[in-house]
Amino acid sequence: MPRLLDYPSQCAELEKMARLESPPPATFEPASLAAPSSAATCLVCGASPARACLGCDGVAYCGDPHRRLDLRWHAPVCPELRRIADDLACFAEHSREQLEAGLLARARRSAAVPTGWDDWLGPDLSPALRRCLSDLATRPLTLAHVLTLLSEHVPKATSGTTAVHVIAAAQRERDVSPALWLELERLFPGRRFAITLIGPELAAGDLGPAVRVVPGLYRRALWAELGRPDLVIGYDCGLLLYPSWKSTMHDLRGSGVPFAITSYRGWEAAGEARVLRAIGAVPLLPPAPNPFASLSARRSTTIANDLARDNAFLSAWR
Ligand SMILES: [Zn+2]
Ligand SMILES: [Zn+2]
């Protein structure tokens, strides 16, 4: 488990990100501090006991001077950190199966292919439950959205089965149940889907006839074994972070198979777009906010005042 960076390094990273994409303005000044607790340490100096921020209970300070020093970075994320705590409580309260059953029952009421979470989940949900359900379904629904936007480029296969390769697949993709992936078949009547998850960290073992699992790096050479896909998608695959992507992207560019990628942040999506353009990939969908991003934010493990959402930005290429 990565640990928090030292405070000056956290600030340096936040400065860098703020230069790439200005953080949302803080709308309020976080509330005061709780009573000192010996279980807490100050984010700025590491002193203990420290006093938790009453706004979020997600950070602590030795006292008001260090709370004030960190205000620039903490104020914009304090409300979101509170929501993350609420989401974790919601996930702890319900089993994944319960949440999924509720989700699918709800989804069945929606007509056609939804254009955003409101269409698919309906409006009558508690905010935390709505965020948790969006987090469970962000991958299949992002895929449905891509298929709608790329309908000219991913025609209905003559075999009747649309083959999708999910690259850089990891546990988060494996955790999506086949029933959720197969929601695609309800959204696109008359079409069948074959999903293959491919990623170096995946444990072997198919999830059912419609969702296969192939451990390993994605290479075009795999098509000989798996068949040529109709669409390739990589969820938050971090093209800028992992050099091993380069050959995969070279393989895909110009292959005739469209590929979609998602990113946690706008600046990341813009950087990935530069890399892809530089190797000659042609944009089918330029990077844009994804209406099926998870509504539940995820906190950075190394920077206390940093968070991101799965699949926040989406682009597609060929
Ligand atoms: Zn301190
Ligand atoms: Zn706070």
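Bear in mind that the values in this text are calculations on the coordinates, not laboratory data. Quick caveat, the model's predicted, so the values are computed rather than measured. Note: ideal-geometry Cβ built from the backbone for every residue, glycine included; neighbour counts use all protein chains shown.
First measure r as the distance between the Cβ atoms of LEU125 and ALA221, then evaluate 1/(1 + (r/R0)^6) with R0 = 51 Å and state the FRET efficiency to the nearest 0.05.
On the way: r = 45 Å, r/R0 = 0.88.
After rounding to 0.05, the efficiency reads 0.70.
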Suppose R0 equals 25 Å. What FRET efficiency, 1/(1 + (r/R0)^6) with r the Cβ-Cβ distance, do ALA39 and ALA101 give to the nearest 0.05? 0.10
Looking only at Cα atoms, what is the convex hull volume of the range 120-239 per residue, in Å³? 126
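Can you give the direction-averaged projected area of the convex hull of the alpha-carbon atoms in the range 217-318, in nm²?
On the way: hull surface 27.9 nm².
The number I arrive at for the range 217-318 is 7.0 nm².
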Principal axes of the range 7-92: Cα extent on each, largest first, Å: 37, 32, 22
Can you give me the pair-distance distribution of the range 1-54, C-alpha pairs, 10 Å bins, whole percents? 20, 35, 39, 6
For ARG318, put the label point 7 Å out on the Cα→Cβ axis and report which residues of the range 247-288 keep their amide N under 11 Å from it. 254-259, 282-285
Hits in the range 67-93: amide N under 13 Å from the 7 Å Cα→Cβ extension of ALA31, namely 79, 82-83
Once you treat every alpha carbon in the range 1-160 as an equal point and sum by Debye, what is log10 I(q)/I(0) at q = 0.11 Å⁻¹? -0.67
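Estimate the FRET efficiency between THR161 and LEU4 by the formula 1/(1 + (r/R0)^6), using the beta-carbon distance for r and 41 Å for R0, to the nearest 0.05. It would help to have the intermediate numbers written out before the result.
Details: r = 46 Å, r/R0 = 1.13.
FRET efficiency, THR161 to LEU4: 0.30.
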Please work out the Kirkwood hydrodynamic radius for the range 83-189, using every pair of different C-alpha atoms, and report it in angstroms with one decimal place. 14.9
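For the ranges 222-230, 174-182, what's the packing order if you count other beta-carbon atoms within 10 Å of each residue, average per peptide, and put the highest first?
On the way: 222-230: 15.1, 174-182: 17.9.
Going from most to least packed, we get 174-182, 222-230.
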For q values of 0.07, 0.08, 0.10 Å⁻¹, compute log₁₀ I(q)/I(0) with the Debye formula on a Cα-only model of the chain, without solvent. -0.32, -0.41, -0.63
Rg/Rg_ref, the range 247-294, where Rg_ref = 2.2 N^0.38 Å and atoms are Cα: 1.16
Taking the alpha-carbon centroid of each part, what is the distance from the range 217-237 to the range 247-318 in angstrom? 17
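What order do you get for 202-212, 70-80 when each peptide is scored by the mean count of other beta carbon atoms within 10 Å, highest first? All intermediate terms of the calculation are to be shown ahead of the outcome.
Values: 202-212: 13.8, 70-80: 19.8.
Highest mean packing first, the order is 70-80, 202-212.
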How are the Cα pair distances of the range 120-167 distributed, in percent, across 5 Å bins from 0? 4, 16, 21, 20, 13, 11, 9, 4, 1
Which peptide among 33-46, 125-138, 247-260 comes first, and what is the full order, when sorted by highest mean count of other Cβ atoms within 10 Å? 125-138, 247-260, 33-46
Given the C-alpha centroids of the range 143-176 and the range 92-108, what is the distance between them in whole angstrom? 23
What is the ratio of the Cα radius of gyration of the range 44-102 to 2.2 N^0.38 Å, where N is its residue count, to two decimals? 1.48
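Can you run the Rg to Rh ratio on the range 138-317? Use alpha carbon positions and the Kirkwood inverse-distance Rh. Kindly include the intermediate steps, with their values, before the conclusion.
Values: Rg = 15.4 Å, Rh = 16.5 Å.
Ratio of gyration radius to Kirkwood radius for the range 138-317: 0.94.
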